[in-house]
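S.K.: Below is one structure. I have some questions about it.
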Amino acid sequence: MTSAELEGKTAIVTGGARGIGAAHCRALVGAGASVVVADVLREEGEALAADLGERATFAFLDVTDREQWAQCVDVALRLGRGSLDILVNNAGINQPTPLVDMSPETWDRVLAVNLTGHFNGIQAAVPAMRRAGGGSIVNTASITAVIPPSQLAPYVASKMAIVGLTQVAALELGAYGIRVNALQPGYTDTPMMAGGDEAAITAAMPIHRYGQPEEVADMMLYLVTRATYTTGSVLAVDGGAVAGVGYAVAD
Ligand SMILES: NC(=O)c1ccc[n+]([C@@H]2O[C@H](COP(=O)([O-])OP(=O)(O)OC[C@H]3O[C@@H](n4cnc5c(N)ncnc54)[C@H](O)[C@@H]3O)[C@@H](O)[C@H]2O)c1
C-alpha cells in the first residue's frame with residue numbers, strides 16, 4: 001500500500017473513536033484519505049482526530065439517529081470538497097444477557113445500533129457516492145455470525161443480518177459502481193473483549209491469540225483499494241477460528 005493510494009478520497013468510519021474503528025481511521029489516513037471519525041464518544045474521537053492531523057475530523061454520530069447521519073455526511077462532504085467515497089459501518093455494541101432475562105429495550109437497542117445503524121449509513125451515504133460515480137462500503141459482521149455464543153442473541157442476530165444486508169446492497173448498488181462487502185472479525189483485542197480469557201477463547205484456534213485491530217483494518221484497506229472485483233463478500237479476519245471448531249470437534 002503506497003501512502004497515496006487513497007489520496008483525494010473521503011471516508012466516514014462509524015464507531016471510529018476507539019478499538020477497530022480507530023485502527024480503520026489510522027489506516028485510511030495513512031493511505032492518503034480524509035476521514036470523519038464518527039462516534040458517540042466525543043472526547044476520544046476528538047483526540048484521535050487531532051492526532052491524525054488536518055485530514056481527519058470528528059463528528060458526533062449516534063448511528064441510530066438519521067438526522068445526525070445527514071449532518072455527518074455534510075461534514076464529510078466539506079472535508080472532502082464535495083466527495084464521499086468510502087463508508088466503514090463499524091459501530092457495534094454487545095450486551096451479554098441470557099435470552100429469557102433480556103429486556104425488550106436491550107434487544108431493540110442492540111439491533112438498532114448494530115443493524116439499523118448500518119442501514120441508516122448506507123441510505124445516508126449512497127446519494128453522495130452515486131454523484132461521485134462510485135464508492136466502497138465496508139460493513140462489520142462477526143465470527144459470532146458463524147459460531148454463535150450464548151447470551152448474545154440480538155448481537156448474533158444483527159451480525160447474521162448484516163451478511164444479508166451486504167449481499168442485497170451489493171446487488172442493488174453495483175450498477176452505480178458501489179461495491180459493498182463485510183468484514184468478519186474474530187476475537188479482536190479491543191475494549192469490547194476486555195475481561196475475556198484470551199488463552200481459553202483461542203485455545204482451539206490455529207492462531208492462539210486475539211487479533212489486533214490493525215489486522216482487521218488491513219483487510220478493510222484491501223477491500224476499499226485492491227478488491228476491485230469483490231462485492232457482496234464476507235471476509236474473515238479470525239485467526240482461523242472457524243477452522244478451529246473442526247479442530248475442537250476432532251479432538
Ligand atoms: N472485538 C471483537 O472481538 C469483535 C469481533 C467481531 C466483530 N466486532 C465488531 O467490530 C466492531 C468494532 O468493535 P470493537 O471491538 O472495536 O468495539 P469497541 O466497543 O471497542 O468500539 C465500538 C465503538 O462503537 C461506538 N459506538 C457504540 N454505539 C454507537 C452508536 N450508537 N453510534 C456510533 N458509535 C457507537 C463506541 O463508542 C466505540 O467507539 C463492532 O461492530 C463489533 O461488533 C468486534
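What follows draws every value from the coordinates through simple rules; no lab data is involved. This is a predicted model, so every value here is computed, not measured. Counting neighbours? That spans all protein chains shown, and the Cβs are built from the backbone with ideal geometry, glycine included.
S.K.: Mind checking the log10 I(q)/I(0) for the chain at q = 0.07, 0.10 Å⁻¹? Debye, one equal scatterer per Cα, no solvent, two decimals.
M.R.: -0.22, -0.45
S.K.: Here is a follow-up. Given a cut-off of 17 Å, what percent of all Cα-Cα pairs of the stretch 3-50 lie beyond it? Don't skip to the answer; put the middle values down first.
M.R.: On the way: 275 of 1128 pairs.
Taking all Cα-Cα pairs of the stretch 3-50, the fraction more than 17 Å apart is 24 percent.
S.K.: Tell me which GluC sites (Glu not before Pro) from the stretch 36-75 have a DSSP coil assignment and no more than 12 other beta carbons within 10 Å of their own. Don't skip to the answer; put the middle values down first.
M.R.: Numbers: sites: E43, E44, E46, E54, E67; in loops: E54.
Taking the stretch 36-75 and a limit of 12 other Cβ atoms within 10 Å, the loop GluC sites (Glu not before Pro) found are E54.
S.K.: While we're on this one: Could you work out the relative contact order of the stretch 154-251, using alpha carbon pairs under 8 angstrom and six or more residues apart, expressed as a whole percent?
M.R.: Values: 117 pairs, mean separation 36.1, N = 98.
37 percent.
S.K.: Now, a different point. Do you know the relative contact order of the chain, to the nearest whole percent, from alpha carbon pairs under 8 angstrom that are 6+ apart?
M.R.: On the way: 515 pairs, mean separation 45.0, N = 251.
Reported relative contact order: 18 percent.
S.K.: A further question on this structure: May I ask you to list, by number, the DSSP H helices of the chain whose Cα span along the axis is at least 27 Å and whose average Kyte-Doolittle hydropathy reaches 0.5 or more? Write down the numbers at each step before the final one.
M.R.: On the way: long enough: 153-173 (29 Å, 1.13).
Membrane-span-like by this rule: 153-173.
S.K.: Let me ask another. For the stretch 62-109, what are the per-bin percents of Cα-Cα distances with bins 10 Å wide, up to the bin holding the maximum?
M.R.: 20, 36, 22, 16, 6
S.K.: If you don't mind, another one. Is the stretch 191-251 rounded, prolate or oblate when judged by the Cα gyration tensor, a ≥ b ≥ c being the square roots of its eigenvalues, rounded requiring a/c under 1.5 and prolate requiring a/b larger than b/c?
M.R.: Details: a/c = 3.25, a/b = 1.60, b/c = 2.03.
The shape class here is oblate.
S.K.: Go ahead and set up a Gaussian network model of the chain, Cα springs under 10 Å, then flag whichever of Y229, Y210, Y187 fluctuates most.
M.R.: Greatest mean-square fluctuation among the candidates belongs to Y229.
S.K.: Over every pair of different alpha-carbon atoms in the stretch 13-162, take the mean of 1/r and invert it; report that Kirkwood radius in Å. List each step's numbers first, then the result.
M.R.: Numbers: mean 1/r = 0.0636 Å⁻¹.
Evaluated over the stretch 13-162, this radius sits at 15.7 Å.
S.K.: To the nearest 500 deg cm²/dmol, what mean residue ellipticity at 222 nm is calculated for the chain from DSSP H runs of n ≥ 4 alone, each contributing -39,500 (n - 2.57), summed and divided by the residues? Mind dumping the intermediate values first?
M.R.: Values: 9 runs with 108 residues, N = 251.
About -13500 deg cm²/dmol.
S.K.: Mind checking the stretch 41-144 for trypsin sites (Lys or Arg not before Pro) that DSSP puts in a loop (not H, G, I, E or B) and that have at most 15 other Cβ atoms within 10 Å?
M.R.: Hits after loop and neighbour filter: R81.
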